[in-house]
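A short write-up of the structure that comes next.
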């Protein structure tokens with residue numbers, strides 16, 4: 001297998017994950033499980049790529065605070081190289097509140113992530129690399145839309161493969177699906193969950209979403225939670241079942257699936273092999289609390 005050099009552009013985030021153990025008391029204390037960890041959807045993907053053996057450089061923007069230091073330390077321990085732009089702003093923080101079914105609502109402060117500059121990203125693309133993966137959050141933020149688009153254009157000019165993960169449906173709808181598809185024009189592989197795919201395509205089911213999105217990308221990968229995942233490439237459909245039988249928290253499951261899938265494909269693995277790896281990675285994450293599944297409760 002040939003190890004690839006991958007550049008990942010994404011957020012620098014601190015994750016605060018909260019799972020109430022009883023009904024929330026609006027004006028008082030609520031016993032909860034709370035976990036603090038390195039966040040960032042694309043960082044989760046970068047870590048999976050690194051674990052699989054690829055060489056990953058993570059590109060983003062952060063402040064000079066404790067949140068940034070925690071993020072940087074965690075990724076370095078995982079073996080990821082970092083090229084972080086330091087700005088005078090608080091680093092990003094997201095608070096995820098997890099319900100009894102493992103679904104979550106996220107309160108996000110993007111902080112320094114909105115200050116990422118195209119010049120900083122393009123400098124990283126001057127070095128040899130094989131693949132560029134861009135977080136949808138970078139495309140969805142009006143402040144960094146041109147940064148993401150400029151990086152993807154440059155990668156294509158250099159003849160490198162590219163991928164984008166949609167990441168979040170609410171900012172997608174705020175941006176509009178049409179604008180997102182325009183910004184992602186020419187991207188090789190699109191990753192989305194079912195809700196994002198339906199919103200992006202305007203379809204009423206996954207078959208319709210694949211039919212609409214298939215012609216715009218070389219490969220469309222749609223995760224469906226407990227229903228597994230679907231892929232379309234060159235008009236041919238592939239699918240895999242979920243391997244998760246115990247769900248504590250779905251935070252980061254899609255990121256893990258993206259990383260494992262992409263890692264396998266970059267090794268020239270088949271789509272079926274990539275789907276198998278993706279479902280295995282996602283099952284490990286949903287069994288624990290937090291985006292990396294680090295704490296079972």
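Quick look at the numbers
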{"item": "Three principal axis lengths of the chain [C-alpha, angstrom, descending]", "result": "55, 43, 38"}
{"item": "Antiparallel bridge percentage (DSSP; both residues within the chain; nearest 5)", "result": "40 percent"}
{"item": "Exposure proxy ranking, count of Cβ atoms within 10 Å, fewest first, for 133, 55, 120", "result": "55, 120, 133"}
{"item": "Taking 57, 27, 138 and counting other C-beta atoms within 10 Å, the order from fewest to most", "result": "27, 57, 138"}
{"item": "Most fluctuating residue given options 150, 186, 159, as computed from a GNM of the chain linking Cα atoms under 10 Å", "result": "159"}
{"item": "Relative contact order (%) - criterion: Cα under 8 Å, at least six apart; region: the range 5-286", "result": "16 percent"}
{"item": "Cα gyration tensor shape for the range 23-89, rounded if a/c is under 1.5, else prolate or oblate", "result": "oblate"}
{"item": "Cα gyration tensor shape of the range 169-235, rounded if a/c is under 1.5, else prolate or oblate by comparing a/b with b/c", "result": "oblate"}
{"item": "Computed E for residue 143/residue 176 - FRET, C-beta separation, R0 22 angstrom, nearest 0.05", "result": "0.85"}
{"item": "Those residues of the range 254-280 whose amide nitrogen sits under 18 Å from the label point placed on residue 227, 7 Å along Cα→Cβ", "result": "254, 279"}
{"item": "Value at 222 nm in deg cm²/dmol, rounded to 500, when DSSP H runs of n ≥ 4 in the chain each add -39,500 (n - 2.57)", "result": "-10500 deg cm²/dmol"}
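Values quoted throughout were computed directly from the atomic coordinates according to the rules given, and no laboratory measurement underlies them. Because the structure is predicted, anything quoted here is derived from the model rather than measured. With ideal geometry, Cβ positions are generated from the backbone for all residues, glycine too; neighbour counts draw on all protein chains shown.
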